[in-house]
Every structure is written in structure tokens, then in C-alpha cells.
Amino acid sequence: MTPKDNREIRDTAFDAAELERRLAATWTTPPGLLGALSTVDHKIIGRRYITTAFVFLALGGLLSLLMRLQLAQPEARFIGPDRYNQIFTTHGTNMMFLFAVPVMQAMAIYLVPLMVGTRNIAFPRLNAFSYWMYLAGGLLLWIAFVLDTGPDVGWFAYVPLAGPQYAAGKRADIWAQMITFTEVSALAVAVEIVVTVFKQRAPGMSLDRIPLFVWSMLVTSFLVILAMPAIMIASTSLILDRLVGTHFFNPAEGGDALLWQHLFWFFGHPEVYIIFLPAVGMVSTIVATFTRRPVFGYLGMVMALIATGVLAFGLWVHHMFVAGLPRLGESFFTASSMAIAVPAGLQIFCWLATMWAGKPIFKTPLLFVIGFIVIFVIGGLTGVMVASVPFDTQVHDTYFVVAHFHYVLVGGAVFPLLGAIYYWFPKLTGRMLNETTGRWVFGLIFTGFNLTFFPMHILGLRGMPRRIYTYQPEMPWSGLNMFISLSAIVLAAGFLLFFIDAIRSARAGATASANPWGATTLEWATPSPPPSYNFAKLPLVDSLEPIHDDAFLPAAIGLRVDRRELLITSVVEAAPEARESSSGDSIWPLWAALATTVALIWSIFSPWAVVWGSIPVAIALIGWFWPKDVPEDDS
Amino acid sequence: MRAVPPLLISTVVAASGCSGNQSALDPNGAPAIHIEHLIIVIVIICTVIWLLVMGVLGLAILRRRDRPAEDPISEKRLTTVVSAAVATTVIIIAGLTIASFYTTRGIGVPEDAALTITVRGQQWWWQIFYASSGATPGFQTANEIHIPVGQDVHLKLESTDVIHSFWVPSLAGKQDLVPGRSNGLLLRAEKPGVYRGQCAEFCGLQHSHMAIMVVAEPAADYERWAAAQSGNAVIPAAPDAVAGQAIFMAKPCAACHTVRGTSASGTTGPDLTHIGSRQTIAAGLVETTRGSLAAWIADPQTLKPGNNMPMVPLTSAELQNISAYMESLK
């Protein structure tokens, strides 16, 4: 200890009230517009992220209603082919890149630091930057759509249709550049999560005491880090083909149209698990709380998460079964695609065993989990069907596949997410969602979803392809299509009720206690909503269920309270290793995001944007990393 | 008159004909029949699995709870049950993989197909090439494939622009047409009939209206058809058709379309040498009649918005004559 330490103000020196006052002074975001734009509090950014993602969900849902309006009757003329192609492209792109992935990462931004018992996420300024980038990418897509220059080449943007020869204008470039925005933000969050989980866990939270949701986000973050580079290479090559005349995908000049598909799906299939694995973590959390016992088979669940993450990279060719690849190679991908049913099945069996052995309490979150099992098992089984090459040659690119992936993504991810919102809403807002309304929301969405999407299996087998803006009256599809469109109204009503409930409850819902559900993970041992510093005293974790009687064992750490400090622990045992300062609020991440936005959008029009546009980015980064003359210490 | 009245267009659209049977559940060719058997087996197995899981779920949440939850015996029993369920999953998955593999082997393109046809996808129609065989020289047609019943037909699938996918579900699964590559597909019809299909890979504005008809007929009928198709266009006799031919050659039509035996030799659009003999026009959009031809020629952008055929300004009389000429090209 140096003499200087004597003048430092440690958390061990105060009683509870004084400690909380001093911590709040150090950690709380100042009020006002500048404070809001400069904040690096993971809870504020997480809430912002979640809200934005749900706005994009609502917008994407409106697009799907427009499509159902057009498809309700044969040869309908509400929407022309050009607008329709923009609508389904924007719907898919929006739901995958602006809703599903970000909302899962957003839940993690809010929850992971609380669940591992730390005061802020790792790299908090990067976190702020990632939100601004995400928002800018979303605005780019939607402003383009409103201006009738939305992408119209599908969310998969197959070349040559998306190439320079067949996609005139800037629509495909807007798609490709929007991908860049969401890649940057998703990669940033993934790195933050990995570091937070590996190095900032509360003392004693060894690997086998990490909550399952945190495990799922850790595996997901590795998937993001490993999968995103493929789409980054693909979209950059596409922009180069379109802007500077390279020929990566032009077969006439030695390029290859199928190269795009390999790159896209090498990212695109793990993408499904990037969306699904966080949902698995949410389900495990909800099941544990509402059956009043730990999830059966913790080790098996963790192994299943990791196995799914590994297998996810060996499946991409099943999106290309009719592209003309060698049949023997395709059979390998049939086997690997079917094999992923094993870890998925194991998890389902473990949840069923947990419910069997526990005492289920039928609150809204558990209803959504039950709905998830009913729907997701159908989606998983139709996944086994499309994994078979011959089966797939009949249903590929038909409404059967539309039904399949909505069963997987809505059933497998949105149902758990809605359950998670009902579950964590008190922690997010300090207020409860309405339980009666919640049952109506669940009933409407469950019924509406199945009535809307189940008949699509039949339409696909009866020959209806995807991505058609209309169909001829002599085709025997109009009855089912009308039925589907009417059912979609029920589904939409369920979501509308959810949004009304969420907005109303956030303002005037019943006040939530710290732990309204009697849960056992750390986020419930701090008030709802948590104070800016998360925990007055850091917890000491002695088991998988560190909360006893709504409180944990406090650890005597000796962190400073006059500046933002975190505890760094070891990767495996979470033994305390060092004190580390955590960045303060800063406006520079916003400037950096704005400068990057200008450079990226400008580069749709001119390759020189990469050169000149990098100057403001560099200036913003210099401001961001300007030394504060604070000595680092690592006692 | 600039265009035919909207009433005529809507009548034409409403009255269009050939739906064929475009369904994987109504198979009439060996590959589609094999696949349907596999579909039925897999769907039955999966339905049983789903019902079992739902049964366990129902029991798990509704069963009476009179035993303590956490006693070690029930934990051990749970482990046994979950392990057994996982083992069962592995066995079923392995079985389905093997079944799928054997079906795949049964639907490959054979070396000794009786007939090879080249199909070239274009935005948004199908260009079809028959190679010469015996006394019949090779010829080109569009949007309608004739095949002899009960024989293996090898389709060579290519594309001139973007990726398309050839899918006639009653006869076979689909296969993509990828620019720069040549893919193969086995097509075989077990009984005569007209089988409809349509493009299954999103290919732009008129992906929705890119249908194809496969006409399966007895070998003798097929030979007659091929012989007729390989010949030059008939020389029109009726006065309106004669006048129509002259207009066709004088207007931009001939720059994009070929009518063999005349000076029209454009290659951008479909070969029209025997358009009057095809069941539909505009890639399965409407049945071929003089009225539908007139509606299409008068305003192709209303019937199929965004397609590559421009509207050529014609007087009412010119339109009638050209339609008569097209209809006469049997």
C-alpha cells in the first residue's frame, strides 16, 4: 500500500445510507439532455435499446399486415410488385437485424451486469456507441423505405439480383450498408458481454454458478464474434462490386454467384441461434423461478448451449440444398442439421423434467414458456423435415418454410422474450405489468399465431412459393390465404394489447418490490429499478442461488466510492484480482457514431468517403480516448 | 385507341385457364412420388413425437403434487428418463437421416435419360431448347415443355440473368438455375396431363408470374408435337393474319422476337414461331386466345407490371391483325 491509498475513499468506511449517497453521486447520470446523450449507464442504454427494438418490432409487424392485406385475395392490386418487394425485404431485414438480434443483446446489456453482480458493463462507452450505431442503421433502413428507396432484393440479397446489373439505384447499397451498422453494434455488444462475464463476475461466482441466461448470452456473444465477419466480407464485397466495379460475384468475369450464398449463410444460420440461444436462457430463468426449483440438469443445459453454438457453424448448406451442390456433400449437412435436434431436445426434456418435479405457478411468464414449448417443438420438427434433402426440394422457398421459421423464431424467441418482458418488467421499470391483461395478451398471441402460421405449411406443400406479391385466381390458395389474413388480425390485436399494457404499466402500474417473484438470481437482490451503481455492496456468491431471503452475502471489497471502480475477478473461479476504473459519461461516443454514420452513408455514393470520412471518425476517437490523467491502480 | 378497355383485361385475367395440379401432395412422377412417401413417413413420425411431448407437458404441469419435489430418488429417476429421451432422439434422427439419404439416391439424374432438354431462366420467362434427335432438328420454344409419358427426361438448367428455380411439384422437387452453372434435374411423368409449376427463387419484380407448363403425352403424340415445333412458322392465309404479319415485321416486335421462316429474328424475347400452339402466354399468365393476345400486346405493363416487353403503340385495327397473326402461329 502506498501512502496515497490513505486518502482514497473506500466503500468499507461508511454506513449503508452514507455509502449509497456517495455511490449515487459518483455513478448517477446527470439530468438534462447532455446527460441523456452522454450516459454510459448500462441500464439506461439497455432500456433505450429494448424500447427501440420493440418500436422496430411494431413497424415490422405493420409491414406484415400490409402483406397479408395484399395476399388475402388473388391478383389483388392494393400493392404493386415494386412496393411489395420493398415491404417483404424490409420486414425480413428489420425483424432479423433491427429487432431480434438487438433485442436479445439489449436484454443482456441490462441484465448481465446485474446478474453477475457488477456495477457497469465492460467498455461502457463502446456500449453507448453501439446503441447510436444501431439507431442510425435502423433510421437508414426506415427512412429509405418511407422514401420509396427501400431495399427490394430480399433480406438475403442474393446476387446477381442484388448486383450492379440487376439492382439499379441505391436500394441494395442501403441494405448492405445497414448490415454494416448492425454488425458494428452487435460486435461491440458481444465483446462487452464476453468481457463482463469473464472478468467482472462477483467474487465466488465460479463457472458452475453462472446463471443459465448469462451462459446463453456468453455463447451467443461468441457466435456473434465468429459469424458476423462472414456477412461483413459478403456485404463489403457486394458494395465493392456495385460501387467500384469488382467482380466477386459476376460469373462472366470469373466470379461466383454461389460464393455469396456460402458467405451469407455461414453467417445466416448461426444468426438463428444468435436469436434462439438467449431465448433459451430466458426460458431456463423463468422455469426455475416459477417452478420453485433449479432447472434440472444444469451441466447438461450448459453443454447443450455450447454444442448448439458449435453445430450452428456446420449447417449453412441446408439453405442451399437446391442450388446444385454435390449430393454427397449435402447428405453431410442433412446429418449435421438433424444432429442439432439432439441438444435442442435435451433442453426441452430438461425443462419438462423441471416442471414435472417442481410446483408450477401459472403467472404470465410461465404461460409464455408453455406456449413456447408447444410452438417451438413444431418448429423444431419441421426443421428436421427441411433438413432432409428430398423433403426440402419440395418445400424450399415455399410457404412451408415461411411457416417453419416463424414457428422457430416467433415460437422459439418472441414467446420467451415476451415472457421475459413480463418477468423482468418490474426490474426494468419498477412497476408490474398487469397480470389479467397478460393472460389476454398470451391467449390472443398464441391463438392468433397458430391460426396465422399453421395453414402456411399446407399452402407450401400445395405449391405456393414465397416472395410472390400475388397469385392467379385459378390456383387453389385463395381460401387459406383469406383465412390467414383474418387470423393475422387476432395476432396483431394481441401485440397491440401488449404494447398498451406495457406503456400503461410503465407509467401507472403497481409498484414492484425488489423481488416480486421470489427469484434467486442477483438482479433481484437490489431495488426495482436498481440504483445507478447497481449494488451498494458487491455480493459474495456461494451457490447457483446466491439470494437467501431476498438478500445476498455482502463482500467486503474496499472499492473506491469517489470514482467509478469495478472489481475484476478470475475467469474460472471468480476470485478477486484487481480494482479497475470504469469510464465516466462522455458525449464522444455519440460524436464518433455520427462521424461513422456520415462516412458509411457517404460511402454508398463514393469510395472516397472511406478516405475523407475517416478523418472526423479519427477526431471523435481521439476525443473519446483522451487521457484523463487518472492513474490506473490494480491492487 | 391506345389500349384495350380495362374490362377486357379484367375478363382475361379472371377467365385464365390452366391451373394444372401444382402440389407436392398430388405427385404424378417417380421423383415426386418417392418424395411424397418420405414426406408422409417423416410427418407421421414427427406428429407422434409432438403428441408425446405435449402429453408429457400436460402431465408435468397438471399432475397432482403429493410427493416432495426434491428427494434424491425422483432426481435420479428424472436423469434416467431424460437420458432415455435423448437416446431415443438420437436413434430417430439417425433413422430419418438414412431414409433421407436413400430417397436422395433414388431421385438423381440417370446417365441414360431418353431425352435431354435445356431450360434457360430469364426475367420472367423460360427459354427452352430441344436438341435434334433422329430426323427432328433441334428447336426453341418458351414456357411450355412437352415430354413423353413414362420416360426419364434430363433437364439441363441454366440462367442468363439472375437465379431462378425450376419447380413442378407434381413431377419433381425443385432445382435452381444459377448463372454461370449448369444444374441437372430428373423429370418424369407417370401419366398424361398438364403439370403446372412456377419459379421458386425470388428473381425480381415479376417472380410471381413466372409459371411453366409441362405437358406429358404418349410417345407418339410427343413425336408429332416435336416434329411440328421443329418446323418453320406456318404462312398465314386469313387476310387479317396476313396483315398482322406485315405489321409485326414493320414494328419493333421483330427486333426482340423470332418467328422462324420470316425475317423476325430477335432473341431478347420468347421465340414465337408456334406461339398459337402453346396453352398460355406470358409465362402461364393467361390462356392463349385472340382476346388475351390482344390484351397482352396492347398493354403488357398492366397485366404483368415491370416485365421487359414495352408497350408498342398500335391502332385498334393493327392490334386485331397482330393478334390474329399470333393466334394463327400454331
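Can you tell me which of B:Gly95, B:Gly121, B:Gly106 is within 13 Å of chain A (Cβ to nearest Cβ), touching a residue at least 60 places away in the same chain (Cβ under 8 Å) and surrounded by fewer than 17 Cβ atoms within 10 Å (Cβ to Cβ)?
B:Gly106
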What is the one condition in (1) within 14 Å of chain A (Cβ to nearest Cβ); (2) in a loop (DSSP other than H, G, I, E, B); (3) surrounded by fewer than 21 Cβ atoms within 10 Å (Cβ to Cβ) that B:Glu190 does not satisfy?
(1)
Subset of the range A:213-232 that is hydrophobic (A, V, I, L, M, F, W, C) and over 16 Å from the mean Cα position of the chain (by Cα) - its residue that is surrounded by the fewest Cβ atoms within 10 Å (Cβ to Cβ):
A:Met232
Could we say that A:Gly383 is touching a Ser or Thr at 6+ places or on another chain (Cβ under 9 Å), in contact (Cβ under 8 Å) with a residue 12 or more places away in the chain and on the phi > 0 side of the Ramachandran plot here?
no
Of the conditions (1) without any contact (Cβ under 8 Å) to a residue 12 or more places away in the chain; (2) in contact with a helix residue (DSSP H, G or I) (Cβ under 7 Å, 6 or more places away or on another chain); (3) surrounded by fewer than 23 Cβ atoms within 10 Å (Cβ to Cβ), A:Ala307 clears all except one; give me its number.
(1)
Matching residues, the range B:276-308, being in contact with a helix residue (DSSP H, G or I) (Cβ under 7 Å, 6 or more places away or on another chain), within 11 Å of chain A (Cβ to nearest Cβ) and of a type in the set (S, T, N, Q)
B:Thr302, B:Asn307
If I filter the range A:91-150 down to residues being more than 28 Å from A:Gly584 (Cβ to Cβ) and part of a loop (DSSP other than H, G, I, E, B), which single residue comes out as nearest to the chain's Cα centre (by Cα)?
A:Gly150
When you look at B:Val178, is it within 8 Å of chain A (Cβ to nearest Cβ), in contact (Cβ under 8 Å) with a residue 12 or more places away in the chain and over 15 Å from the mean Cα position of the chain (by Cα), yes or no?
yes
List the residue pairs whose Cβ atoms are under 7 Å apart, where the first residue sits in the range A:356-367 and is in a helix (DSSP H, G or I), the second is among the small types (Gly, Ala, Ser) and crowded, with 22+ Cβ neighbours inside 10 Å, and the two are 6 or more positions apart or on different chains.
A:Thr364/A:Gly438; A:Pro365/A:Gly419
Suppose the filter is away from every other protein chain (no Cβ under 14 Å), farther than 22 Å from A:Ile421 by Cα, touching a residue at least 60 places away in the same chain (Cβ under 8 Å) and in a helix (DSSP H, G or I); does A:Phe266 pass it?
no
Scan of the range B:82-92 for residues that are aliphatic (A, V, I, L, M) and more than 7 Å from chain A (Cβ to nearest Cβ), ordered by number
B:Ala84, B:Ala87, B:Ile91, B:Ile92
Kindly establish whether A:Phe405 is of a type in the set (Phe, Trp, Tyr), over 25 Å from the mean Cα position of the chain (by Cα), closer than 30 Å to A:Ala488 by Cβ and more than 7 Å from chain B (Cβ to nearest Cβ).
no
Which condition number does A:Pro476 fail, the rest of (1) more than 14 Å from every other protein chain (Cβ to nearest Cβ); (2) part of a loop (DSSP other than H, G, I, E, B); (3) free of Cβ contacts under 8 Å to residues at least 60 places away in the same chain being met?
(1)
Residue by residue through the range A:377-386, note down the ones that are more than 8 Å from every other protein chain (Cβ to nearest Cβ) and in contact with a helix residue (DSSP H, G or I) (Cβ under 6 Å, 6 or more places away or on another chain).
A:Gly379, A:Gly380, A:Val386
Look through B:Leu171, B:Leu187, B:Leu205, B:Leu177 and report the one residue that is assigned by TED's automatic domain parsing to the domain that holds B:Glu144 and out of contact with any strand residue (DSSP E or B) (no Cβ under 9 Å at 6 or more places or on another chain).
B:Leu205
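The values are calculated or read from the model by the stated rules, or taken from the named source; none is laboratory data. All values derive from a computational prediction rather than experimental measurement. For neighbour counting, all protein chains shown are included, and Cβ atoms are generated from backbone atoms with ideal geometry for every residue, glycine included.
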